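Heads up: the structure comes next, in structure tokens.
The values are calculated or read from the model by the stated rules, or taken from the named source; none is laboratory data. Owing to the predicted nature of the structure, the values given are computational and were not obtained by experimental measurement. Cβ placement follows ideal geometry from the backbone for every residue including glycine, while neighbour counts extend to all protein chains displayed.
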Amino acid sequence: MSTSVANFDIAGAADRINTFARELIASQSARQAEFNAHDRGRATAYLDRLESFVGVISNPSNPLDLPKTHPSAYPISDFPADEEINVIENAEVRDLVRRFKAAHVELVNSQSKDRATGIFESDRGRLEALIENARGIIAFGQTSVDLPENPGDVGAHPENLRR
């Protein structure tokens, strides 16, 4: 994966996505079967914030002309490792983090990463589709399922379920 991008707007979006994913991984809901109302609210706020940021960086009435800035390199933090994602007990939280990962990968490898600022419409469309899809996961997560046999703190992934 890219370790830097030339576009500071894409770097900003990637930073936000990374931060929001780490917050979800550390959430209370990540360690239980229930996706609680507080964590769903926070996840919704993260998506709202990301969507607003994308609106700012794609505003055609406020383009930035920065001929001396480009090309620069803005570092991109690594997204949480799959090992951190796969041990999330809550399926909906895990699904959300995977969508954040897809958004992160798509952005830092997009055509937009090579611009000085802004986001191409096609890259914006992919990101907005992931945001909308993540909203569906949050809505789906309003109902919980009783999983009394889940081993809990060892995570709900295949190698731990064989025990």
Quick check: is even one residue across segment 110-122 of a type outside the set (D, E, K, R), farther than 21 Å from PRO60 by Cβ, assigned to a loop (DSSP other than H, G, I, E, B) and touching a Ser or Thr at 6+ places or on another chain (Cβ under 7 Å)?
-> no
Among GLY12, GLY41, which is the only one that is at pLDDT 95 or above and under 18 Å from ARG126 (Cα atoms)?
-> GLY12
May I ask you to list pairs of residues, at least six apart or on different chains, whose Cβ atoms are under 6 Å apart, with the first in segment 16-36 being at positive phi and the second being modelled with pLDDT of 95 or more and small (Gly, Ala, Ser)?
-> none
Scan segment 1-55 residue by residue and report those that are out of contact with any Phe, Trp or Tyr (no Cβ under 7 Å at 6 or more places or on another chain) and among the basic types (Lys, Arg).
-> ARG22, ARG31, ARG40, ARG42, ARG49
Counting residues that are within 15 Å of the chain's Cα centre (by Cα) and surrounded by 19 or more Cβ atoms within 10 Å (Cβ to Cβ), which helices (runs of 4 or more DSSP H) fully inside segment 1-106 reach at least 2?
-> 8-25, 37-57
Neighbours by Cβ (under 9 Å, 6+ apart or cross-chain): first from segment 75-94, farther than 16 Å from ASN18 by Cα and touching a residue at least 24 places away in the same chain (Cβ under 8 Å); second surrounded by 16 or more Cβ atoms within 10 Å (Cβ to Cβ) and of a type in the set (Asp, Glu) = ASN90/GLU34; ASN90/ASP39
